1. Suppose we keep only residues that are in contact with a helix residue (DSSP H, G or I) (Cβ under 9 Å, 6 or more places away or on another chain) and open to solvent by 30 Å² or more (accessible area, probe 1.4 Å) within region 511-527. Which one would you say is nearest to Asn640 (Cα to Cα)?
2. From Leu710, Leu658, grab the single residue that is touching a helix residue (DSSP H, G or I) at 6+ places or on another chain (Cβ under 9 Å) and among the aliphatic types (A, V, I, L, M).
3. Within region 529-546, is even one residue at pLDDT below 95 and of a type in the set (Asp, Glu)?
4. Only residues that are outside any loop (DSSP other than H, G, I, E, B), of a type in the set (Val, Ile, Thr) and open to solvent by 10 Å² or more (accessible area, probe 1.4 Å): list them for region 612-634, please.
5. It is to be established whether one or more residues within region 199-209 are open to solvent by 20 Å² or more (accessible area, probe 1.4 Å), in contact (Cβ under 8 Å) with a residue 24 or more places away in the chain and in a loop (DSSP other than H, G, I, E, B).
6. Being modelled with pLDDT under 95 and in contact with a Phe, Trp or Tyr (Cβ under 9 Å, 6 or more places away or on another chain): is that true of Ser6 here?
7. Count, please, the residues in region 662-712 that happen to be among the basic types (Lys, Arg) and at pLDDT 95 or above.
8. For region 85-115, name all the residues that are closer than 19 Å to Ile293 by Cα, touching a helix residue (DSSP H, G or I) at 6+ places or on another chain (Cβ under 8 Å) and in contact (Cβ under 8 Å) with a residue 40 or more places away in the chain.
Amino acid sequence: MGTMVSHAQSDQNDTLRSRVLDPVVIQGLKDGEHFLPDVSGMNVMSGKKTESITIETGEGNLSQNVGRMVFARIPGINVWDMDGAGTQMNIGTRGTDAHRAIEMNMRQNGYNTNSDMFGYPENHYTVPMQGVRQVQMVRGSAALQFGSQFGGMMNYIMKEGDSTKAFSIESEQTFGSYNFFNSYNAIGGTKGKVSYYAYYDNRHGDGWRPNAAYNYEAYYANIKYRFSPKGSLALQFSRMDYRQQIAGGLTDDQFRQDARESNRTRNFFSPILNIPALIFETEITPRTKLQIISHAIWGERSSVQFINTANVNDTINTDTGSFNPRQVDRDFYSGFTTEAKILHRYSVGKTRGALTGGVRYFDEHTKRRQKGVGTTASDFDFSLIGSYGIDLRFETLNYAAFVENVFWLTNKFSVTPGLRYEVIESRLNGVIDNASFPVSYSGKRSFVLAGSGFQYQSGKETQVYANISQAYRPYLYSFITPATQIGVIDPDLKDSKGYDIDIGFRGRWRNILSFDVNAFYLFYGDRIGKVLTSTDVLLTTNIGDSEAKGFELYGDLSLTRLLDGDAGKANVSLFNSLAYTHARYTSGSISGGTENISLVGNRVEGSPDWINRIGLKLTTPHFNTTLLVNHISRQFNDANNTALSATGIVGAVPAYSLLDWAFKWAIMDHYYISGGVNNVADERYFSRRINTYPGPGILPGEGRTFYVSLGFKL
């Protein structure tokens, strides 16, 4: 990627009138380039395992946020398919938990969207992919610059207004199976020193299974004022809310008989997230840039459900003549974050360098009310007929500082050391079990993380890179909240810590092949779980360690250029993103009910050994189409590696392979038709089991569905 800034010049002695124009910034990836440059924005990326993909209509189903298609070019991304609504992105890497990207540092335009990275890091906020221009991914080494995670940092770069027009409009209307409809509409443009972009997206449908209807809305606005050729101030606001009926989980027998079965009609889930942000950027000197981002996140997540295993039907209680009361759970969030970064380029003798450093302040409050006794009604109703069994308040304070520097020791070789210092304070108070069990907790810890990257320019368009970096995951609210009166929290509970090692080779060959192949090792120490003590107390503590090792490979080959040497106006290409991850427990034990069971040698839950995605793409000036094969190998959803259970809550997740097809046909200059088929072969599969929301049990993936879009941009 290259960045070029052009300034119009003004001469005071010139008799002609003139004015200084705003800088024109041209920033983009070279054709076929898959990784980020040494310095990207305010961040140093030299020596790191990175990915950068451009979101394209015709390569995947963007209107439904189908993750396996959106992230197909990023090797090793494990995607859990919740349903076809596209209301959640469940992604993980290298043996980390994919549930709502709980172990990923998720960002939009550089700021966090996780509810609370240090206490409740589930990412409820889901952006419509039609509003995203680029996805950036940094693996375990991201912990130094971006903070808490083992899975990596993912950043959505949103679309911006047309810099050549005062006003532009785009719209795409999508129709699909099971009454699916999505309407994406956006405006943008540039007038003088002000540029803007805003969208509204609405998605609704009945769902592939009965009792799975949903209605999703998302809003986004970005107004940027360039107050000088060297500085800008942007105000952004994002909002997402949806209401979704939950079809519930299945047992293995139910799934085999009919994967579309549902015996839940009264279960609902609804999150609401608001994220305002203020982004200040300025060029202090030609070599020094400053960025300050302040953003808030407030909202809630609420559910009302009849919660029981899938082999228990939600039917009329013969004793009362009505349904049983449902359980009401509600969380309320309010958080504020400020991050300031500085980037300085310099030269000392023959050595060039780029220094980035920053500080972070974060304050978040969560009010958690769970196990409320709801009504016996069947509609979307959070009313109570009894009190909450859990009523808690959490607060997290975080202070952090980091520094990372790339030294170009020669024209070909660079070293990038870095440090991060973290201070985390957690506070908890409230009651459990209807005020019969008061709880209180206060903890403060601080630590330093270190790492270093190395990069060698082995050829004009090839690089060898390596990185070793420490990572961590703070213990979460759920870990310091006793579930029952026999539950005890270890007073010496520690954050999970470890390190990530990468070594790889990437680049391009004659405009025919772009590639990135790397080996990795991830050590995950002091994982947290529950064990039984000698006095039969269920103790939450650090239970043991795990490791994930393997390789990741990405390649994009132009078959047309390989055979003819010149692609001309058409190109047929083949891409492959392949990952092998050997994720196993190396020490520790966990409660098995009546005894502790050793975990040594067990597979890490939710971690398939093989993830392979192969895409065949045809591109012409007016038409492009992609055929994608997605294969995920067998995995388990619990640390004990249980093969089967009567309720479907735990057990093996069998291997599966899916075929997807997408296309886009441009008509004239401004209009297009796009569409495709999800799961062309109508495969019956599931990617996860779960013991809580939105199960319990097996969550089936969708069968064959169709969609078609009509769009324009003026």
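The values are calculated or read from the model by the stated rules, or taken from the named source; none is laboratory data. These numbers were taken from a predicted model, which means no experiment stands behind them. Quick reminder, even Gly has a Cβ in these numbers, built from the backbone with ideal geometry, and neighbours come from all protein chains shown. Ligands, DNA and RNA are excluded from the accessible area calculation, which covers all protein heavy atoms including side chains. Shrake-Rupley method; radii C 1.70, N 1.55, O 1.52, S 1.80 Å.
1. Leu513
2. Step by step, each of Leu710, Leu658 is checked, and only Leu658 is touching a helix residue (DSSP H, G or I) at 6+ places or on another chain (Cβ under 9 Å) and among the aliphatic types (A, V, I, L, M).
3. Yes, some residue in region 529-546 is at pLDDT below 95 and of a type in the set (Asp, Glu).
4. Hits for region 612-634 are Ile614, Thr619, Thr625, Val629.
5. Yes, region 199-209 has at least one match.
6. For Ser6, the condition - modelled with pLDDT under 95 and in contact with a Phe, Trp or Tyr (Cβ under 9 Å, 6 or more places away or on another chain) - is not met.
7. 3
8. Asn105, Arg107
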